[in-house]
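> Just dropping this structure here.
The values are calculated or read from the model by the stated rules, or taken from the named source; none is laboratory data. All figures in this text were calculated on a predicted structure; none of them were measured in a lab. Counting neighbours? That spans all protein chains shown, and the Cβs are built from the backbone with ideal geometry, glycine included. Protein only, heavy atoms only, side chains kept; ligands, DNA and RNA dropped before computing areas. Shrake-Rupley method; radii C 1.70, N 1.55, O 1.52, S 1.80 Å.
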Amino acid sequence: MLALTPAISVGSALAPITLQTLGVMLAGALLGWWRGALAAVTYLLLALAGLPVLAGGTGGVEPFVGPSAGYLYGFVLGAAATGWLVDRIRGRVTAPKVFGAAIVGGVAVIYAIGIPVSAAVAGIPLWTAITGSWVFLPGDLIKAVLTALVVAAVVRAYPPAGPAARRR
Amino acid sequence: MGRFRSGAGLLGAYVPRDSVVHRAPAGLKLAALAVVSVAVLLVRSWSGVGALAVLVLAVAVASRVGPRALLVQLRPLVWLVPAVLALQWWAHGPARAAVLSARLVLLVALAALVVLTTRTTEVLTAIEHGARPLRVVGVRPERVALVLALAIRSVPVLAALADDVHDAQRARGHERDLRAFAVPLVVGTLRRADALGDALRARGVDD
């Protein structure tokens, strides 16, 4: 199952840039908390190595020290949290259940790490950083909805990707 | 030929030159950058900014990559810095805002110099070496290297898959349906990943 991880992280890299949190949520939901986190780590290592997989087609070391660096580190915990919650879904994997997991893991956890780091690196007050991040919220909510719809359909079409198969 | 297959520019922004900075080990450059970027968070004064500027300038000159390559790397800051500067001005006043913005630009410039002088393959090797101490907690460095290599190899494979799905979608008149694109793409990716996992297990790579 080792190979699952790079394939998915590259899947998220292929997606047009701003969809990177979509990849994080998908990886967590479809791979479980541990492999989801490993997929996020793989993605970050590829970016670090200079592959242009980050937002705006960038890569390299700059994003890891810039003001949005915290969001990148947050991807790992975000994928893990999404996966952990999806792993706890009992019964049928429906879009609303996945949506809940994606909101907590893919949005709340990532913001909780990204916002304080951007405040520290950019030298702005925490509250300003919080209010400044509102602009990303609508996009991230849409991505959580997309994750939910895609994951529900994928688990129906390919049951091995569902939480029930991982529990076995 | 589909729109996903091009995959141009995967080789990064490396500028080949013969310089001390290019010859320095990738791991050393990354570690130094990590140390400097943490130290920069403590810079609050013009003297600190000056010291950082001297460091960046020295590395830039020594690397011989030329100002143009460096400026291209800094281009994303054109939008970010004015916005950050305005926020800092409003929060801390003009003097502090200038210091904080300057340290941000310098830090990104330093990171850009690491990018311009280091090949992707060198960074991957450095990551493999860097993972060695993690053996204690059960990380196998050669496995890390394999995962990264497989991930890079998967890019053209998945790009081809994305093209096939896109064509199938067009043939059925569902061009604008994002779900009709994403679901088959993800399922196809998972199938391929499982097949690759089987192939690796058959060769005794996985346990």
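> So, in nm, how far is label B:Glu175 from label B:Arg68 when the simple model puts each one 7 Å beyond its Cα toward the Cβ?
Simple spin-label model gives 3.9 nm for this pair.
> Rounded to whole Å, give me the distance from the Cα center of the range A:137-168 to that of the range B:23-59.
What the calculation gives is 42 Å, centre to centre.
> If you line up the long axis of helix B:77-92 against the longest principal axis of chain B, both from Cα atoms, how many degrees apart are they, to the nearest 10?
Long axis of B:77-92 versus the principal axis of chain B: about 50 degrees.
> Continuing with this model, one more query. What angle, in degrees between 0 and 90 and rounded to the nearest 10, separates the Cα long axis of helix B:94-117 from the longest principal axis of the Cα atoms of chain B?
Orientation of helix B:94-117: about 50 degrees from the principal axis.
> Additional query: Can you compute the charge dipole magnitude of the range B:20-130 about its Cα centre, using +1 on each Lys and Arg Cβ and -1 on each Asp and Glu Cβ, nothing else charged? Give it in debye, rounded to the nearest 20.
Values: 9 positive and 2 negative charges, 44 e Å.
About 220 debye.
> Once both labels are modelled 7 Å past Cα along the beta-carbon direction, what's the B:Trp46-B:Trp89 spacing in nm?
Here the answer is 1.9 nm between the modelled labels.
> When the C-alpha atoms of the protein assembly as shown are aligned to their principal axes, what extent does each axis show, in angstrom, from largest down?
Result for the protein assembly as shown: principal-axis Cα extents of 61, 46, 45 Å.
> Another question, then. Can you give the accessible area of A:Ile124, probe radius 1.4 Å, in Å² rounded to 10?
20 Å²
> Name the GluC sites (Glu not before Pro) in the range B:80-187 that are in a loop by DSSP and that have at most 14 other C-beta atoms within 10 Å, would you?
The qualifying sites are B:Glu175.
> Heavy atoms only, probe 1.4 angstrom, no DNA, RNA or ligands counted: give me A:Phe136, A:Phe64 ranked by accessible area, highest first.
Numbers: A:Phe136 120, A:Phe64 25 Å².
Largest accessible area first, the residues go A:Phe136, A:Phe64.
> Which value, in debye to the nearest 20, describes the size of the charge dipole of the range B:135-202 about its Cα centre when Lys and Arg Cβ atoms bear +1, Asp and Glu Cβ atoms bear -1, and nothing else is charged? Could you put the intermediate results ahead of the total?
Values: 11 positive and 8 negative charges, 59 e Å.
Rounded to the nearest 20 debye, it is 280 debye.
> For the range B:147-158, just list the computed ³J(HN,Hα) in residue order, Karplus coefficients 6.51, -1.76 and 1.60, θ = phi - 60°, integers in Hz, with x standing in for Gly and Pro.
4, 5, 5, 5, 5, 5, 5, 6, 4, x, 4, 6
> Sticking with this structure for a sec: Nearest 20 debye, what's the magnitude of the dipole of the protein assembly as shown about its Cα centre given +1 on Lys and Arg Cβ and -1 on Asp and Glu Cβ?
Numbers: 35 positive and 16 negative charges, 81 e Å.
Roughly 380 debye for the protein assembly as shown.
> Given an 8 Å cut-off on Cα distances and at least 6 residues of separation, report the relative contact order of the range B:20-130 as a percent.
Here the relative contact order equals 44 percent.
> Counting only C-alpha contacts under 8 Å and six or more residues apart, can you give the relative contact order of the range A:32-168 as a whole percent? Before the final figure, lay out each step's value.
Working: 178 pairs, mean separation 35.5, N = 137.
The normalised contact order for the range A:32-168 reaches 26 percent.
> With a 10 Å radius around each residue's Cβ, average the other Cβ atoms per peptide and rank B:144-155, B:71-82, highest first.
B:144-155, B:71-82
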